[in-house]
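Asks: If you scroll down you'll find the structure; I have some questions about it.
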Amino acid sequence: MGRFVIRRLLQAIPVLLGTTFLIFAIVYALPGDPIQALAGERRVDPILAATLREQFHLNDPLIVRYGYYLRDIVSGNFGTTFRGLPVSTIFEGKFAVTLKLATTALLFEAVIGIGLGLWAALRRGRWEDKAILAFTLLLVSIPTLVSGFVLQLVLGVQLKTSLGIAFFPVAGVQDGIRSYLLPGFVLATVSIAYLTRLTRTSLMETLRADYVRTAVAKGMPRSRVLGRHALRNSLIPLVTYLGADLGALMGGAVITETIFNLPGIGQQLFTSVYLRENPVVVGIVTVLVLIYIVANLVVDLLYAVLDPRIRYE
């Protein structure tokens, strides 16, 4: 197992280098002068502009600037903005907000998605199965922008007006974990639909396997057949999807964080792109790439736990 982990970490190095270089090149290839963007409509002093370009290596070739960036990353420094602020201090607290939001959404996704998928697979062809498939189709069809505002109005505003209790806060993070319940569900809606259908399909294929039929023929209790044989062997594609979706939830939280006014890295990423704060954009994307790599490694290690036939040594 140890050699497998080391091998996967070594394989992640070219992935990290290639992804960060691609993002670095795209961000710094955007038209416009980031130094001029600091002053807005006013004219930047030529001496100050030349000093800043020299300080941030803007006059050097792209590959040289990327080398400086890698040097800073290795030392644990994500660089400095053109305004002189360390990038790490900008999204330090914001990263925690997005991580809590993505974790909440992942829990909603896992519990509701796997639960509905399991129920639909066991009721295949019945009205419950058809209702769940129609419900997932509805979730996929409604944009996050629409579902976010509707749930914010119904559960956050009208429910408070009717009951006098603000159980679902509509903005900010002042209410602790309750502040993440409604935006977490909104962020997870599309993933819930996909995971429900994936669970249904995977479990239905497993239930038709020969070893499941043999277990049933031997008189094994239905709950044990489902829990120990069918469901466990159906979890591999589900764990793969959940691991990959964690990074997608963190990177795709821009709309949700904007609707619920959450100070996360999604909102910061949008603001930084608009203000041409290139070091912040590259730093946030680098963190998201690292999350993807770690999540995929954890998923690979869980394979051996779920299916003893998988061995890494």
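Asks: Mind checking which pairs have a first residue in the range 125-137 that is touching a residue at least 40 places away in the same chain (Cβ under 8 Å) and a second that is surrounded by fewer than 12 Cβ atoms within 10 Å (Cβ to Cβ) and in a helix (DSSP H, G or I), Cβ under 9 Å, 6 or more apart or different chains?
Replies: Listed by first residue and then by second, the contacts come to nothing, as the list is empty.
Asks: Can you pull out every residue in the range 79-96 that is surrounded by 14 or more Cβ atoms within 10 Å (Cβ to Cβ) and more than 21 Å from residue 51 (Cα to Cα)?
Replies: 88, 90, 91, 94, 95, 96
Asks: Taking the condition over 26 Å from residue 294 (Cβ atoms) and at pLDDT 85 or above, does residue 198 pass? Before the answer, list the steps.
Replies: Values: over 26 Å from residue 294 (Cβ atoms): no; at pLDDT 85 or above: yes.
Against the criterion (over 26 Å from residue 294 (Cβ atoms) and at pLDDT 85 or above), residue 198 does not qualify.
Asks: Checking the condition assigned to a helix (DSSP H, G or I), free of Cβ contacts under 8 Å to residues at least 40 places away in the same chain and farther than 28 Å from residue 71 by Cα, which residue from 234, 272 passes? Explain how you work it out, then say what you get.
Replies: Values: 272 fails: farther than 28 Å from residue 71 by Cα.
Result of the check over 234, 272: 234.
Asks: Restricted to the range 59-87, and to residues that are among the small types (Gly, Ala, Ser) and in a loop (DSSP other than H, G, I, E, B), which residue is nearest to residue 26 (Cα to Cα)? Lay out the reasoning, then the answer.
Replies: Of all residues in the range 59-87, those among the small types (Gly, Ala, Ser) come to 67, 75-76, 79, 84.
After this cut, where a residue has to be in a loop (DSSP other than H, G, I, E, B) as well, the list is 75-76, 79, 84.
Numbers: 75: 24, 76: 23, 79: 17, 84: 22 Å.
Ranking the qualifying residues of the range 59-87, first place goes to 79.
Table: residues versus (1) touching a Leu at 6+ places or on another chain (Cβ under 7 Å); (2) outside any helix (DSSP H, G or I).
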site	(1), (2)
57	no, yes
89	no, no
95	no, no
101	yes, no
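Asks: Just to check your reading of the model, which residue among 216, 239 is assigned by TED's automatic domain parsing to the domain that holds residue 100, over 25 Å from residue 77 (Cα atoms) and without any contact (Cβ under 8 Å) to a residue 24 or more places away in the chain? Steps first, answer last, please.
Replies: Details: 239 fails: without any contact (Cβ under 8 Å) to a residue 24 or more places away in the chain.
Checking each option against the conditions leaves just 216.
Asks: Shifting gears a bit: Could you list, in sequence order, all residues of the range 221-231 that are assigned to a helix (DSSP H, G or I) and loosely packed, with under 14 Cβ neighbours inside 10 Å?
Replies: From the range 221-231, those assigned to a helix (DSSP H, G or I) are 222-231; that's our starting set.
Those that are assigned to a helix (DSSP H, G or I) and loosely packed, with under 14 Cβ neighbours inside 10 Å: 222, 223, 224, 227, 228.
Asks: While we're on this one: Taking the range 116-164, which residues are surrounded by fewer than 15 Cβ atoms within 10 Å (Cβ to Cβ), among the small types (Gly, Ala, Ser) and part of a helix (DSSP H, G or I)?
Replies: If the condition is that a residue be surrounded by fewer than 15 Cβ atoms within 10 Å (Cβ to Cβ), among the small types (Gly, Ala, Ser) and part of a helix (DSSP H, G or I), then 131, 134, 141, 162 are the ones that fit.
Asks: Please determine whether any residue of the range 147-160 is of a type in the set (S, T, N, Q) and at pLDDT below 80. First the steps, then the outcome.
Replies: Residues of the range 147-160 that are of a type in the set (S, T, N, Q), as a first pass: 147, 152, 158.
Those still in the list that are at pLDDT below 80 too: 158.
Checking the range 147-160: at least one residue is of a type in the set (S, T, N, Q) and at pLDDT below 80.
Asks: Follow-up. Just wondering, is there one or more residues in the range 290-312 that are surrounded by 23 or more Cβ atoms within 10 Å (Cβ to Cβ) and at pLDDT 80 or above? Give the derivation first.
Replies: If we filter the range 290-312 for residues that are surrounded by 23 or more Cβ atoms within 10 Å (Cβ to Cβ), which is where we start, we get none.
Checking the range 290-312: not a single residue is surrounded by 23 or more Cβ atoms within 10 Å (Cβ to Cβ) and at pLDDT 80 or above.
Asks: On the basis of being among the polar types (S, T, N, Q), in contact with a helix residue (DSSP H, G or I) (Cβ under 9 Å, 6 or more places away or on another chain) and in the same structural domain as residue 153 (by TED's automatic domain parsing), does residue 223 make the cut? First the steps, then the outcome.
Replies: Working: among the polar types (S, T, N, Q): yes; in contact with a helix residue (DSSP H, G or I) (Cβ under 9 Å, 6 or more places away or on another chain): no; in the same structural domain as residue 153 (by TED's automatic domain parsing): yes.
Answer is no for this residue.
The values are calculated or read from the model by the stated rules, or taken from the named source; none is laboratory data. All of these numbers come straight from a predicted model, not from anything done at the bench. Cβ sites come from the backbone with ideal geometry, for glycine too, and all protein chains shown count toward neighbours.
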